[in-house]
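This report refers to the structure that appears directly beneath it.
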Amino acid sequence: METKIDVLGISGSPRKGNTEILVKKALDVCESEGLKTKLVSLADDISTDEILGYMCDARAIIIGSPTYFANVPAKLKDLMDKTIILRRQGRKLKNKIGGAIAVGGSRNGGQEYVILAIHNFMLIHEMLVVSDKDTAHFGGIASGRNLGDVVNDKEGLETTENLGKRLVEILALLI
Ligand SMILES: Cc1cc2nc3c(=O)[nH]c(=O)nc-3n(C[C@H](O)[C@H](O)[C@H](O)COP(=O)(O)O)c2cc1C
């Protein structure tokens with residue numbers, strides 16, 4: 001079957017802000033290397049079924065999230081929980097590549113816990129979790145509080161771009 005999307009990016013924030021900027025950044029890296037990408041934002045009016053369909057179509061999935069009390073926001077958790085049907089109906093996310101991005105208002109505001117929650121979600125779906133290339137920790141990790149602040153976070157942008165690069169690298173290996 002022809003895959004319609006190479007890399008799906010999901011921005012898990014209820015507002016169009018820092019998370020979406022970062023997810024777009026990672027997708028731009030993939031796109032510049034010739035991969036077909038799609039961005040879905042939970043701030044938009046989009047149904048869960050549509051998102052689940054895109055997840056099934058994609059070879060790789062990036063989930064970006066703001067840090068809310070050191071966790072993912074309810075809207076993203078709701079989507080994650082609804083994917084249980086994909087697991088029950090034949091492990092539909094199995095062997096897809098997965099990467100995570102987290103942004104918080106504080107430098108050490110719990111982003112790593114958010115990344116862990118996303119990675120755990122991916123592992124339970126039997127996805128293949130990757131980190132950021134070269135900076136090589138857990139994925140994209142940024143700080144920024146107000147809308148757009150994240151564009152000034154050099155390290156956050158770098159780790160996010162490096163997540164995109166790692167996805168490109170791994171997807172090339174799997175062709
Ligand atoms: C309900 C709520 C809880 C938050 N909790 C945290 C937190 O635990 N740690 C942190 O660093 N930032 C926290 N923040 C700040 C957001 O993570 C930060 O503003 C982020 O940039 C939001 O991303 P967005 O622009 O994509 O919505 C919280 C914000 C809200 C609204």
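The values are calculated or read from the model by the stated rules, or taken from the named source; none is laboratory data. Treat the numbers as computed from the prediction; the structure is a model and nothing was measured. When we count neighbours, we look across all protein chains shown, and the Cβ atoms used for this are built from the backbone with ideal geometry, even at glycine. Note: accessible area is taken over every heavy atom of the protein model, side chains too, but ligands, DNA and RNA are not part of it. Shrake-Rupley method; radii C 1.70, N 1.55, O 1.52, S 1.80 Å.
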For segment 1-56, just say rounded, prolate or oblate: build the C-alpha gyration tensor, square-root its eigenvalues into a ≥ b ≥ c, call rounded for a/c under 1.5, and beyond that prolate if a/b exceeds b/c, oblate if not.
oblate
The answer for segment 5-174, accessible area per residue at 1.4 Å probe in Å², is 47
Structure shown: which of Lys36/Lys82; Lys96/Lys154; Lys96/Lys133 lie over 21 Å apart, alpha-carbon to alpha-carbon?
Lys36/Lys82; Lys96/Lys154
Honestly segment 43-86 on the Cα gyration tensor test (a ≥ b ≥ c root eigenvalues; a/c under 1.5 rounded, otherwise a/b vs b/c for prolate or oblate) is just prolate
DSSP-loop GluC sites (Glu not before Pro) across segment 1-75, with at most 13 other Cβ within 10 angstrom:
Glu2
Give me the net charge for the shell around Gly99: Cβ to Cβ below 11 angstrom, other residues only, Lys and Arg +1, Asp and Glu -1.
+3
Connecting C-alpha atoms closer than 10 Å in a GNM of the chain, tell me which of Phe121, Phe138, Phe69 has the biggest fluctuation.
Phe69
Quick one: pull the percent of accessible area on the chain belonging to carbon and sulfur, 1.4 Å probe, ligands and nucleic acids left out.
50
Helix runs (DSSP H) in the chain reaching 18 Å along axis by Cα, Kyte-Doolittle at least 1.0:
111-124
If a/c stays under 1.5 just call it rounded; otherwise compare a/b with b/c (prolate if a/b is bigger, oblate if not). Do that for segment 71-175, with a ≥ b ≥ c from the square roots of the Cα gyration tensor eigenvalues.
oblate
Leaving ligands and nucleic acids out of the surface, order Arg107, Arg88 by accessible area at 1.4 Å, largest first.
Arg88, Arg107
Straight-line reach from Lys75: which aspartates and glutamates have Cα under 18 Å away, leaving out those fewer than 8 places along the same chain?
Glu20, Asp44, Asp45, Asp49, Glu50
When the helix-only estimate is applied to the chain (DSSP H runs of n ≥ 4, each -39,500 (n - 2.57), divided by the residue count), what is the mean residue ellipticity at 222 nm, nearest 500 deg cm²/dmol?
-13000 deg cm²/dmol
